[in-house]
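Trainee: Structure below; questions to follow.
The values are calculated or read from the model by the stated rules, or taken from the named source; none is laboratory data. This one's a predicted model, so the numbers in the text were calculated from it and none came from an experiment. Note that we place each Cβ from the backbone using ideal geometry, even for glycine, and neighbour counts take in every protein chain shown. The area values use the complete protein model at the heavy-atom level, side chains included, leaving out ligands, DNA and RNA. Shrake-Rupley method; radii C 1.70, N 1.55, O 1.52, S 1.80 Å.
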Amino acid sequence: MRIFTVLFGFLSPVMLAIAADAPRNIYAAGVAWNQSASPRIAGTGLYARAVNDSGTYAFTAVDVLPTTVKPLSVTTQISTGVAQRVFTIGGVAVYVPTSVGISYNGEATGWAWTTGALASVRVKGNSRVMPNVRVVKSSVSNNSGYQLILGALFGWGQ
């Protein structure tokens, strides 16, 4: 762990940069692979708005995580949070999003939180691809514990 701290300490002045083309608003939707789900495909929708010029975004996300196929059961999470740009490499900004919110599955309602990392890659014009890896925890996820989600959002920023 110390080697990563030292390495990050040396590289952080090089990696930290303000992306001049960072959008003020981002609208995105995408798919993800969720190891704990059945089927293992999940969906995510996102709206984010910049709150300052240093790469901080307030966002709202909706995750749809299938729990079982027969009978079909889906856990839906609606959360709000903050994403902070931690560094930029070659024009690709990397963010750490963290959110909390409501989770529900049929009759059960509870809490949920998520965190992880997301990269914002400008494709053409205002279009973006945002690969991400997140950890999700919900109080109504049928005791599935922490869930790892690997995904890609496709969006538009203005």
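Trainee: Once the Cβ-Cβ distance between residue 64 and residue 25 is put in as r, and R0 is 25 Å, what FRET efficiency do you end up with, to the nearest 0.05? Before the final figure, lay out each step's value.
Mentor: Working: r = 22 Å, r/R0 = 0.90.
E between residue 64 and residue 25, to the nearest 0.05, is 0.65.
Trainee: Between rounded, prolate and oblate, where does segment 55-158 land on the alpha carbon gyration tensor, with a ≥ b ≥ c its root eigenvalues, rounded for a/c under 1.5, else prolate if a/b exceeds b/c?
Mentor: Working: a/c = 2.42, a/b = 2.00, b/c = 1.21.
Taking the square roots of the gyration eigenvalues as a ≥ b ≥ c, segment 55-158 is prolate.
Trainee: Whenever you get a sec, line up 154, 59 from highest to lowest accessible area (probe 1.4 Å, protein heavy atoms).
Mentor: Final ranking, largest accessible area leading: 154, 59.
Trainee: For the residue pair residue 135 and residue 41, what label-to-label distance in nm results when each label sits 7 Å from Cα along the Cα-to-beta-carbon direction?
Mentor: 2.8
Trainee: Can you run phi through the Karplus equation (6.51, -1.76, 1.60; θ = phi - 60°) for segment 109-115 and list ³J(HN,Hα) in whole Hz, with x for Gly and Pro?
Mentor: 10, x, 10, 8, 9, 8, 8
Trainee: Sticking with this structure for a sec: On average, how much accessible surface per residue is there in segment 61-158, in Å², for a 1.4 Å probe, leaving out ligands, DNA and RNA? Please list the in-between numbers first.
Mentor: Details: 4920 Å² over 98 residues.
Per-residue accessible area for segment 61-158 comes out at 50 Å².
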